[in-house]
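Undergrad: Could you have a look at this structure, given as structure tokens, before my questions?
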Amino acid sequence: MPVYSAGFKSRMLRRLVGPQAISANALAQEVGVPQASLSRWLRAAGTIEGMTPSSNPKKKWTGAEKLRVVSAARDLSETDLGALLRREGLHATDLAAWRAAAEAALSESGRRGAPSTEQRRIQDLERELRRKNAALAETAALLVLKKKVQEIWGDADEPTDRRSE
């Protein structure tokens, strides 16, 4: 197993973190160092000040910080996304959960807000349709009752006085 100098390790770690970070797999292929070694160096460097910003796994993220990361990751390529996740000290599953929570919150706020002009128009039309359906049902019921009354009492249009006969 080769022994690497502290300076070499430091240069490799700087390439793994920061704004221009690349993945451990890509760096391993580029420099010929096993990816496992690079990852081990990166984990060990987590205790070194300034090497891995935001790498504290117990960090409490605020809603604004989560939103910042979700919006920053929105249109990134897979390589750039990996760099962002490493820089922020996150896993892809954390980002996916935050994205889902943000989308759910946005859809909830859309439902809770004042209805748009189109939504109000739809509600008014639905209300009018229900009213007209109720009136139609009432009219149909009255016609059925009128027929039944005519069957029971006879035709109301017949003259009651039969003097013409």
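What follows is calculated from the coordinates using simple rules that are stated; it is not laboratory data. Computed from a predicted structure; not experimentally measured. Because the Cβ atoms are built from the backbone with ideal geometry, glycine has one as well, and the counts that use them run over all protein chains shown.
Undergrad: Sequence neighbours fewer than 8 away in the same chain don't count; with that in mind, list the lysines whose C-alpha is under 21 Å from K60.
TA: Result set, ordered by chain and number: empty.
Undergrad: Rank by packing, highest mean first: peptides 27-39, 79-91, with packing defined as the count of other Cβ atoms within 10 Å averaged across residues.
TA: Descending packing order for the listed peptides: 79-91, 27-39.
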